[in-house]
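Chemist: Sending over a structure as structure tokens; questions will come in a sec.
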Amino acid sequence: MPVLNTLLRASLYAALLAGACALQAAPDVASKTGASATGDDLDKLLIDRGLLTKVQQVGNNVADTAASTASDIVVSAMGFLGLPYKRGGNSFDTGFDCSGFVKALYEQSIGKVLPRSAAQQAAQTTKIDSADLQPGDLVFFNTMRHAFSHVGIYVGDGKFIHSPKPGAEVRIEDMHVRYWDKRYNGARRVEQEPAKN
């Protein structure tokens with residue numbers, strides 16, 4: 001029963017995240033449905049040729065893809081709440097350390113292969129501002145007296161999921177509690193390869 005509850009919570013959370021991401025990421029061009037919406041000649045041309053509608057469709061597709069990817073990663077991560085920490089671990093059967101957890105989730109969820117260590121993951125992903133964090137982004141912390149020594153996956157609402165330390169289990173924590181806030185090193189986004197046609 002606890003496993004079922006965890007999966008149901010994860011699915012509901014992912015659905016809410018997907019909806020929020022789609023609304024946030026889609027460009028607002030729907031309001032420009034006629035030439036009277038603006039006096040700008042370029043806008044009139046775009047409207048006449050139907051290009052604004054195409055831009056909106058592309059924006060919605062990008063938003064849907066991003067939301068789907070974030071949902072896949074977050075749902076997968078939630079499925080492993082309670083899994084024990086294991087130093088050097090990278091197995092869903094025996095447990096993970098922080099970077100092993102991130103690496104395995106990205107590979108399993110979306111087929112993206114990340115480096116093994118937290119520092120390498122930070123170096124090979126795209127730096128983003130904390131204000132731009134989205135579910136599925138990586139958050140890094142200095143927990144061993146050197147930068148980027150710990151990594152987790154942002155799940156939204158200022159929280160992240162990670163495999164914290166020996167004797168602990170995969171769990172969700174608030175980034176803004178004093179311990180994590182003081183050690184925060186920054187955020188990174190894992191860039192997706194463009195879809196091949």
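Chemist: So which GluC sites (Glu not before Pro) in the range 126-197 end up in coil per DSSP with only 12 or fewer other C-beta atoms within 10 Å?
Modeler: Sites meeting the loop and neighbour criteria: Glu191.
Chemist: For the range 133-149, take each phi angle, set θ = phi - 60°, evaluate the Karplus expression 6.51 cos²θ - 1.76 cosθ + 1.60, and give the result in whole Hz per residue in order, putting x for glycine and proline.
Modeler: 4, 10, x, x, 6, 9, 10, 10, 9, 9, 10, 10, 6, 8, 4, 6, 8
Chemist: Mind jotting down a quarter of the surface of the convex hull over the alpha carbons of the range 80-189, in square nanometres, one decimal?
Modeler: 6.2 nm²
Chemist: What is the sum of charges around Ser163, taking Lys and Arg as +1, Asp and Glu as -1, for the other residues whose C-beta is under 13 Å from the C-beta of Ser163?
Modeler: Spelling it out: positives minus negatives among the neighbours equals +2.
Chemist: Another one. Please report the net charge: other residues with Cβ closer than 11 Å to the Cβ of Ser117, K and R +1, D and E -1.
Modeler: Counting the neighbours of Ser117, the net charge comes to +1.
Chemist: Also: With 21 Å as the limit, write out which pairs from Lys103/Lys127; Lys159/Lys182; Lys127/Lys159; Lys103/Lys159; Lys86/Lys127; Lys127/Lys182 have Cα-Cα distances beyond it, or answer none.
Modeler: Those over the limit are Lys86/Lys127.
Read the figures in this text as sums done on the coordinates, not as results from a lab. As the structure is a computational prediction, the values presented were derived from the model and not from experiment. With ideal geometry, Cβ positions are generated from the backbone for all residues, glycine too; neighbour counts draw on all protein chains shown.
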